[in-house]
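A.B. asks: Shown below is the structure under consideration.
The values are calculated or read from the model by the stated rules, or taken from the named source; none is laboratory data. Remember, it's a predicted structure, so these values are computed and weren't measured experimentally. Quick reminder, even Gly has a Cβ in these numbers, built from the backbone with ideal geometry, and neighbours come from all protein chains shown.
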Amino acid sequence: MKVIEKYNDSLHNPYWKYQLGKEAYEVKDTPQRVESIKKSLHSDERFDFITAKQFPDRLITQLHPYHDYIRNTALTLNNDEEEFYPDLFPGEGAHLKKRDDSPLWGGIWCTDAVTPIKRKTYEVARASAESALTGAELISQGQEKTVYALCRPSGHHAGPRVFGGYCYFNNVATAAQYLLAKGKVAIVDIDYHHGNGTQEFFDDIKSIFTASIHGDPEDEYPYFWGYAEETGKGQAEGTNHNEPLAKGTQLKEYSKALKRILKKIKAFNPAFLIIAAGFDTHETDPIGSFKIRTEDYETIGKQFKSLDLPTLVCQEGGYNTDVLGECVKHFLIGLM
Ligand SMILES: [Zn+2]
């Protein structure tokens, strides 16, 4: 299986810590996450590493109105340690004139103050999206049946209006838009957190089916999205399916929920499948609360394989670097 990587810079390492009631959360999107994955896949000759290609700006800018803001803000930073966070969030209903994309207006482009822009952020986010595009190109040309794009930063919380949640450009949405020229696309998000950005991108587009299986947003990020009643809008009603699951979910319940999603995808009959693959569902993940074991990911991969579709897997979350690489490997082996 081809593994696509590009530019994983040690200088993009956002760190976020907060306390909610009695619970403390800590998220480190470190370069060690990528190292953990590479170490596991390098040791197995079934995986063949290739470098992502460059793609025209247009493929990224057409989806992300905040592209210039991220690029321009990164350019204003003087050193690699500096981080920029906006401090003004005007909110819905504000009179938003077209701005000059000065960092000062950053709050109109993002949902939170935990997704910093650092000097290398634009480069790594761009490379992450280009890894997904390279994978999309390979499956669309029929050269490969299943490919894995080792994306970092993740993308699934970045939407058509705003970015956030450690995501800058939505990698799976960028790949889906590319593939759409050749046929209908189904996207399944298996990260512990609902793929709100991806859902919002395609909420009213009936040729893309989106689904997400995640911790219940009643008490998990992103809180405002990911409920079962979100089923698509207007002409695209019925093309979104959410499976919010309870804390402590184990493989048995998880697989049943996934089966419901796969049944809908079969009925939708897409030409391509994209999996937004996060592994913060693992039983030892520091922020997730599911109880999926390392070897369970192979079973989950096999479930997806039963669809028998050209498949692009894009990396999303997963924060226990002791097991992340092995989780990815088991999942990809299940898909083979
Ligand atoms: Zn996540």
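A.B. asks: What strands (runs of 3 or more DSSP E) lie completely within the range 9-55 and have 1 or more residues being at pLDDT below 95?
C.D. replies: Correct list: 15-20, 23-28.
A.B. asks: Something else now. Select from the range 147-166 the residues that are within 16 Å of the ligand (Cβ to nearest atom) and not in a loop (DSSP other than H, G, I, E, B) and list them in ascending order.
C.D. replies: F163, G164
A.B. asks: Spot the failing condition for D280; the list is (1) within 15 Å of the ligand (Cβ to nearest atom); (2) of a type outside the set (S, T, N, Q); (3) without any contact (Cβ under 8 Å) to a residue 24 or more places away in the chain, and only one is missed.
C.D. replies: Only one criterion in (1) within 15 Å of the ligand (Cβ to nearest atom); (2) of a type outside the set (S, T, N, Q); (3) without any contact (Cβ under 8 Å) to a residue 24 or more places away in the chain is unmet by D280, namely (3).
A.B. asks: Within the bounds of the range 200-222, is there any residue that is out of contact with any Leu (no Cβ under 8 Å at 6 or more places or on another chain), of a type in the set (F, W, Y), surrounded by fewer than 24 Cβ atoms within 10 Å (Cβ to Cβ) and part of a loop (DSSP other than H, G, I, E, B)?
C.D. replies: Yes, there is a match, as at least one residue in the range 200-222 is out of contact with any Leu (no Cβ under 8 Å at 6 or more places or on another chain), of a type in the set (F, W, Y), surrounded by fewer than 24 Cβ atoms within 10 Å (Cβ to Cβ) and part of a loop (DSSP other than H, G, I, E, B).
Yes or no, residue by residue, for (1) under 19 Å from the mean Cα position of the chain (by Cα); (2) in a loop (DSSP other than H, G, I, E, B); (3) touching a residue at least 40 places away in the same chain (Cβ under 8 Å); (4) more than 16 Å from the ligand (Cβ to nearest atom):
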position	(1), (2), (3), (4)
Y227	yes, yes, no, yes
K259	no, no, yes, yes
I274	yes, no, yes, yes
D285	yes, yes, yes, no
L312	yes, no, yes, yes
Y319	yes, yes, yes, no
I333	no, no, yes, yes
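A.B. asks: Might you let me know whether the range 105-114 holds any residue that is closer than 21 Å to F169 by Cβ, of a type in the set (A, V, I, L, M) and surrounded by fewer than 16 Cβ atoms within 10 Å (Cβ to Cβ)? Full working, then the answer.
C.D. replies: Initial filter on the range 105-114 (closer than 21 Å to F169 by Cβ): 105-114.
Next, from what is left, pick out any that are of a type in the set (A, V, I, L, M): 108, 113-114.
Checking the rest, the ones that are also surrounded by fewer than 16 Cβ atoms within 10 Å (Cβ to Cβ) come to 113.
Checking the range 105-114: at least one residue is closer than 21 Å to F169 by Cβ, of a type in the set (A, V, I, L, M) and surrounded by fewer than 16 Cβ atoms within 10 Å (Cβ to Cβ).
A.B. asks: Restricting attention to the range 224-242, does a residue exist that is at pLDDT 95 or above, of a type in the set (D, E) and either under 27 Å from K302 (Cβ atoms) or crowded, with 24+ Cβ neighbours inside 10 Å (or both)?
C.D. replies: Checked the range 224-242: no residue is at pLDDT 95 or above, of a type in the set (D, E) and either under 27 Å from K302 (Cβ atoms) or crowded, with 24+ Cβ neighbours inside 10 Å (or both).
A.B. asks: Right, here's the next one. So which residues in the range 137-166 are among the small types (G, A, S) and buried (at least 19 other Cβ atoms within 10 Å of the Cβ)?
C.D. replies: S140, A149, S154, G155, A158, G159, G164, G165
A.B. asks: Still on this model: Given the conditions (1) in a loop (DSSP other than H, G, I, E, B); (2) within 15 Å of the ligand (Cβ to nearest atom), which single one is not true for C327?
C.D. replies: Unmet for C327, out of (1) in a loop (DSSP other than H, G, I, E, B); (2) within 15 Å of the ligand (Cβ to nearest atom): (1).
A.B. asks: Same structure, new question: So the check is Cβ under 6 Å with 6+ separation or different chains; which pairs have a first residue in the range 203-219 that's within 20 Å of L262 (Cα to Cα) and without any contact (Cβ under 8 Å) to a residue 60 or more places away in the chain and a second one that's of a type in the set (A, V, I, L, M) and in a loop (DSSP other than H, G, I, E, B)?
C.D. replies: I213/I190
A.B. asks: Mind checking whether some residue in the range 189-198 is farther than 28 Å from D80 by Cα, surrounded by fewer than 24 Cβ atoms within 10 Å (Cβ to Cβ) and among the polar types (S, T, N, Q)?
C.D. replies: no
A.B. asks: Considering only residues that are part of a helix (DSSP H, G or I), in contact with a Phe, Trp or Tyr (Cβ under 9 Å, 6 or more places away or on another chain) and in contact (Cβ under 8 Å) with a residue 40 or more places away in the chain, which ones fall in the range 300-310?
C.D. replies: Residues satisfying the conditions are I300, F304.
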